[in-house]
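Here's the structure, in structure tokens; my notes come after.
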Amino acid sequence: MTSEYTQDDLLPLSGIQHFLFCRRQWALIHVEQQWKENALTAEGRIMHKRADDPFFTETRNGIVTARSVPVASYRLGLSGVCDVVEFISSSDGVRLLNRDGLYLPTPIEYKRGKEKHDHSDETQLCAQAMCLEEMLSTPIPQGYLYYGETRHRVEIEFTPELRTLVQDMSAEMHNYFSRGYTPKVKTHKGCRSCSLADVCLPVLQGKVIAASRYIKQQIDNE
Ligand code: SF4
């Protein structure tokens, strides 16, 4: 696979989990640039803030821990920030500046709540790993998801299937973005906890109104 995208084309990597949850939600955020915050997203942000300690690295037991690591892939057309990357001493690893030996990068993503039944968290983590692989020219076989509610680390293997899902989702996101396409509403059980449900609501009620017009009307009415 060759580089397909330029710096200007890169889409936020974190959007891949929104896209898997609901393509319409992703398009409202990234194509129409609407964002409404509810309790769930606020809580998630606070957890992220704890992991998000810029430029901080520490070394313990041969593991170099780097936080808030910016990553990008010009093959996938995605960029973002890894919560934590652990560089573990390994003969399969890469050299690090001003350090002896070789280190294998392992991404770790912090999540609010507990393990989900869908593949959104794994897919986001795998996208981070694929960015790191492209940047560091080294294969990364696995990473970890850390769940705040259960205080539990789950090992995620970056299988060929998961990698294909990341490639397919990023290609589809770029397709929607270049067309400026927002899918029509299609309700599912995730709608109950959706942070954009009230933006979606006029459509759910059957009124033909664009989400962006709805927001403008709300602002005008205040
Ligand atoms: S309310 Fe449902 S359909 Fe609308 S954006 Fe949210 S999850 Fe998607």
Non-local residues with an amide H under 5 Å from the amide H of Ser90, with H modelled 1.01 Å from N and Pro and chain starts lacking one, are Leu102, Tyr103, Leu104
Can you give me the distance in nm between label points at Ala171 and Met135, each placed 7 Å from the Cα along the Cα-to-Cβ direction? 2.5 nm
Can you give the Rg and Dmax of region 79-208 based on its C-alpha atoms, in angstrom? 18.4, 64
R0 = 25 Å: FRET efficiency of His117 with Thr65, Cβ-based, nearest 0.05? 0.25
What list of ³J(HN,Hα) couplings, whole Hz, do you get for region 133-147 from phi and the Karplus terms 6.51, -1.76, 1.60, once you set θ to phi - 60° and write x for glycine and proline? 4, 5, 6, 9, 6, 8, x, 10, x, 7, x, 9, 10, 10, 9
FRET efficiency, 1/(1 + (r/R0)^6) with R0 22 Å, evaluated for Leu96 and Glu58 via beta carbons: 0.95
Residues with amide H under 5 Å from that of Val71, placed H, sequence gap 5 or more: Gly80, Val81, Cys82
Could you give each residue of region 169-174 its phi-based ³J(HN,Hα) in whole Hz, using Karplus coefficients 6.51, -1.76, 1.60 with θ = phi - 60°, and x for Gly or Pro? 5, 5, 5, 5, 4, 5
Packing-based ranking, highest mean first, of 123-134, 167-178 given that Cβ atoms within 10 Å are counted: 123-134, 167-178
By average Cβ neighbour count within 10 Å, what is the ranking of 68-81, 138-151, 85-98 from highest down? 68-81, 138-151, 85-98
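Throughout, read-outs are computed from the coordinates displayed, never taken from laboratory work. None of these values were measured; they are calculated from a predicted model. Neighbour counts run over all protein chains shown; Cβ positions are idealised from the backbone, glycine included.
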